[in-house]
């Protein structure tokens, strides 16, 4: 398989069980109360009060986007190294499940490898590198013009937090930001802002379980949250992080230690018609790939080559897919087609419960800082079996915390490859030794720790005869076709 045989590593590498306080040693946060859902109700998102019963048994609660709360400020998120805009998808969907307007939660994409090549080290830059200032400013100006607000709330994860610091040094930029939320951005001596000026009001979230950025955040932050077990990506995507951000942005006039608690801490159903949108871009540097098409199919039959797509999107200069209106809780296949008409990969998402603007479809980059991470699999020229790439939106796979990922019943995770030290954001599952057997364990360069955020394990999935493969994460099961990767590219599975 050549390097163009990959379409869907979508953020594979990105990529408050703790304390809250106003700096210093924060007090412990009370456990999350259960969701307010009890019985079938439709929720008016602007008031979050129960309305008429829902007729859909799979959706006991429906939080409609048509009544979302337009009084809440827009949010702009900046991802970290090897990341992309979908790193915040779980948090964004939880915001929408509590009445936030989803089209106001913006995630940008930028070339995160510029800083890596010029001295990004563990907790920060050897010197300030502005890799994201222009897309941050463009996104902020666009959403302010569209909504009529004068300020946004700005968030940054990992390197994205450092990019936000560079951006906010400009007084004109800082004036557009009401609050800053740092997610695993490492130690900072003060909140961001122009030199010799008061910093932007800041929420700092870090984790004792983060082996990359560490447990120290922003000194002097208005609010500090220290998670206990979340890994580096969990600080960006976890439900604990969502709760902390929601409370911080809903403090009330008194600015007390705890703001309004969200009504829902799980993703709720939205309207029967879901709007889907995203981008196709190269991994790591997030450039738009040349040409090609993204086709969407309703998933009914394994290896169905004869059906017509329900939607088709040429990959233009901006790499934008959609917006497109699909059906709630309907399984879809997203098929990448190259400029020459050949299939270059397949993506499968947990059926969409609500509108999702944060989809990403990545193809390999030619930048050596990124391509080395995918070459062990994309370089397999005889991969007639099915190679599956699995990704989990709320953070890394954590076997040490009880995560279970099975393929046709075989446990794909193990203690060596899925713990807080490995930060396994993406797992490649393929017949590494070509013996037609599933043996598990760690395989190839992925077992050595040389490739950040990725691991591989030996799982044999025959591609003939056509069949569905059962992939289960913690009790959520997806049925995906067993496409031969040598001719169809990788099969990517994304769990919310």
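The values are calculated or read from the model by the stated rules, or taken from the named source; none is laboratory data. Just so we're clear, the structure is a prediction, and the values are computed from it rather than from any experiment. All Cβ positions, even for glycine, are placed from backbone atoms using ideal geometry, and neighbour counts span all protein chains on display.
Listed here are the residues, each with its yes/no results for (1) in a loop (DSSP other than H, G, I, E, B); (2) surrounded by fewer than 17 Cβ atoms within 10 Å (Cβ to Cβ).
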{"site": "436", "(1), (2)": "yes, yes"}
{"site": "442", "(1), (2)": "yes, no"}
{"site": "451", "(1), (2)": "yes, no"}
{"site": "455", "(1), (2)": "no, no"}
{"site": "466", "(1), (2)": "yes, yes"}
{"site": "478", "(1), (2)": "no, no"}
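In the range 257-266 there is at least one residue matching the filter, namely being over 30 Å from residue 363 (Cα atoms), at pLDDT 95 or above and within 19 Å of the chain's Cα centre (by Cα).
Every condition in (1) at pLDDT 95 or above; (2) part of a loop (DSSP other than H, G, I, E, B); (3) more than 19 Å from residue 105 (Cα to Cα) holds for residue 226 except the one numbered (2).
Scanning the range 168-190 for residues that are under 18 Å from residue 106 (Cβ atoms) and in contact with a strand residue (DSSP E or B) (Cβ under 8 Å, 6 or more places away or on another chain) yields a count of 9.
Would you mind listing the strands (runs of 3 or more DSSP E) fully within the range 347-418 where at least 3 residues are more than 25 Å from residue 483 (Cα to Cα), in the same structural domain as residue 470 (by TED's automatic domain parsing) and touching a strand residue (DSSP E or B) at 6+ places or on another chain (Cβ under 6 Å)? Here the list reads 356-363. Name the residues in the range 180-190 that are closer than 11 Å to residue 161 by Cα and either under 19 Å from the mean Cα position of the chain (by Cα) or surrounded by fewer than 24 Cβ atoms within 10 Å (Cβ to Cβ) (or both), would you? Correct list: 181, 182, 183, 184, 185, 186, 187, 188.
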